[in-house]
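Values in this text are rule-based calculations from the coordinates and carry no lab data. What you see is a predicted model; the values in this text were computed from it and never measured. Heads up, the Cβs are rebuilt from the backbone with ideal geometry, glycines too, and the neighbour counts pull from every protein chain shown.
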Amino acid sequence: MLRIGLTGGIGSGKSTVSKYIRELGAYVFDADMEAKKILTENETVQSELIAEFGTDILNAQGAIDRKKLARVGFQDEDHQLRLNAVIHPYVFAEIDRQFNLVSQKNEYPVFVVDGALIYESGLDQHLDYVIVVTSTLRNRMERAIKRGTLTREEILKRMDLQWSDENKLSLADFVIHNDGTEEDLKAQVKEIFATFI
């Protein structure tokens, strides 16, 4: 079973592409969602993060406050690297565990890892192919603002900490351009997916 990476910058439409790929019959592992789950449930990770960033990331109940952690973790490249150095090994281990379980069942043609930091984390080295979803900066910004979870400044800061589209595209095995219609996007996804099965 092939291991495929799916990545794209904030607001690129990666989540929409992920949904289409799932509808086409792929197993999709949401690395960003898994990272949040690990953060909430894994006490070792919580202890490591407190040791790394101090008690400023805790809420009144003494638990990690995701918003506070994000503020600290995404303030600059150094903090982001430190945050990822704690969480990524656990995410990688979970990817391997899930891949082994899914491949034993033999129900899916491909295993897709949907993650924002596939290249930044070095995960691409452990995948067969990587698909990059790209879009104009204007469209990305519009989509990210529409979600309502981050301010314009926070979006720009996150964009700044992620690799540029140019860097990702130079390494990509497949590219999906998400500046057209929904039909156009679905057609691109279908065409790429057909090459894997």
Projected onto the charge dipole of the chain (unit charges on the beta-carbon of Lys, Arg, Asp and Glu, signs +1, +1, -1, -1), the Cα from 123, 83, 189 with the largest positive-side position is that of 189
Amide H contacts under 5 Å for residue 113, restricted to residues at least 5 apart in sequence or on another chain and with H modeled in the peptide plane, are 4, 5, 6, 29
Shape descriptors of region 91-133 over alpha-carbon atoms, Rg and Dmax in angstrom, are 10.9, 31
For 145, 131, ascending order of other Cβ atoms within 10 Å (fewest first) is 145, 131
Diffing region 87-98: the Karplus 3J(HN,Hα) column from phi (6.51, -1.76, 1.60, θ = phi - 60°), in whole Hz with x for Gly and Pro, holds 7, 4, x, 6, 5, 4, 5, 5, 4, 4, 4, 5
Residue by residue through region 165-180, the couplings from Karplus 6.51 cos²θ - 1.76 cosθ + 1.60 with θ = phi - 60°, in Hz, x for Gly and Pro, are 4, 4, 4, 5, 5, 5, 9, 5, 8, 9, 10, 10, 8, 10, 10, x
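Give the order of 86, 102 when sorted by the count of other beta carbons within 10 angstrom, beginning with the fewest.
Numbers: 86 20, 102 16.
With the fewest neighbours first, 86, 102 line up as 102, 86.
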If 67, 19 are placed from fewest to most neighbouring beta carbons inside 10 Å, the sequence is 67, 19
Once phi for every residue in region 112-121 is put through the Karplus expression 6.51 cos²θ - 1.76 cosθ + 1.60 (θ = phi - 60°), the whole-Hz ³J(HN,Hα) values, with Gly and Pro written as x, are 10, 9, 8, x, 5, 10, 4, 6, 4, 8
P(r) over all Cα-Cα pairs of the chain, 5 Å bins from 0 to the longest distance, whole percent per bin, short to long, reads 1, 7, 15, 18, 19, 16, 12, 7, 3, 1, 0
